[in-house]
Amino acid sequence: MHLSIPTLLSLGASALLATIAPSPTSTAIDADVWAPIAASVVNDDIAAMGRTYHPDAVLVSNDGTRSIASALAGWGKDMVANKAKGTHATVEFRFTKRQDDTETAFETGVFKYTVIDKAGVSKPSYRRLEALLVKRQGKWRIVMERQLEAVTEASWNAIPH
């Protein structure tokens, strides 16, 4: 089954962040972006998720591009529907490359998203991710999120964490 990040994020999630040799900037990005996204998914809190994005952010997928405002509106509806179904999930991020300075960053990696249905059956999926971030008013925000191809569990396991 092929699931995009918007679909996966709309299902609800908790996260464990795994990184390679985190710099102070990477640690700050984790605190400002990745951990809040994970918590927002777990809590079905689309407003909290929205705060991790720059207002003009763009989502890039195999289907094209769209504004983050449009993506968030759809994800919020999906969160409500999935919560009603009793579905929850976890997400973990592992980064293969983190380039940053004090105001800009580009990160690549893989996320593992595990959906747990009402019966407790877990279904993990793995997908490559790229993100371009900026620091504004003391907080890191995603300007561009790109969702790439699915990868195998072996690929996930090969990433240092």
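Restricting attention to the range 151-161, the residues that are assigned to a helix (DSSP H, G or I) and either buried (at least 19 other Cβ atoms within 10 Å of the Cβ) or touching a residue at least 12 places away in the same chain (Cβ under 8 Å) (or both) total 3.
Okay, residues lined up against (1) acidic (Asp, Glu); (2) at pLDDT 90 or above; (3) farther than 22 Å from PRO124 by Cβ:
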| site | (1), (2), (3) |
| --- | --- |
| HIS2 | no, no, no |
| GLY12 | no, no, no |
| LEU16 | no, no, no |
| SER26 | no, yes, yes |
| VAL42 | no, no, no |
| HIS54 | no, yes, yes |
| GLY64 | no, yes, yes |
| ALA71 | no, yes, yes |
| LYS85 | no, yes, no |
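Looking for something β-branched (Val, Ile, Thr) and in contact with a strand residue (DSSP E or B) (Cβ under 8 Å, 6 or more places away or on another chain) - is there at least one such residue anywhere in the range 73-87? Yes; the residues of the range 73-87 include at least one that is β-branched (Val, Ile, Thr) and in contact with a strand residue (DSSP E or B) (Cβ under 8 Å, 6 or more places away or on another chain).
Listed by first and then second residue, the pairs with beta-carbon distance under 7 Å, at least 6 apart or on different chains, first residue in the range 105-130 and touching a residue at least 60 places away in the same chain (Cβ under 8 Å) and more than 21 Å from SER26 (Cβ to Cβ), second outside any loop (DSSP other than H, G, I, E, B) and among the aromatic types (Phe, Trp, Tyr), are SER125/TYR113. Scan the range 65-107 residue by residue and report those that are surrounded by 14 or more Cβ atoms within 10 Å (Cβ to Cβ) and among the β-branched types (Val, Ile, Thr). Correct list: ILE68, THR87, THR90, VAL91, THR96, THR104.
Cβ separations smaller than 9 Å between residues 6+ apart or across chains give no pair from the range 33-49 residues that are farther than 16 Å from HIS88 by Cα and without any contact (Cβ under 8 Å) to a residue 12 or more places away in the chain to residues that are of a type in the set (Val, Ile, Thr) and not in a loop (DSSP other than H, G, I, E, B).
The values are calculated or read from the model by the stated rules, or taken from the named source; none is laboratory data. Remember, it's a predicted structure, so these values are computed and weren't measured experimentally. All Cβ positions, glycine included, derive from the backbone under ideal geometry; neighbour counts span all protein chains shown.
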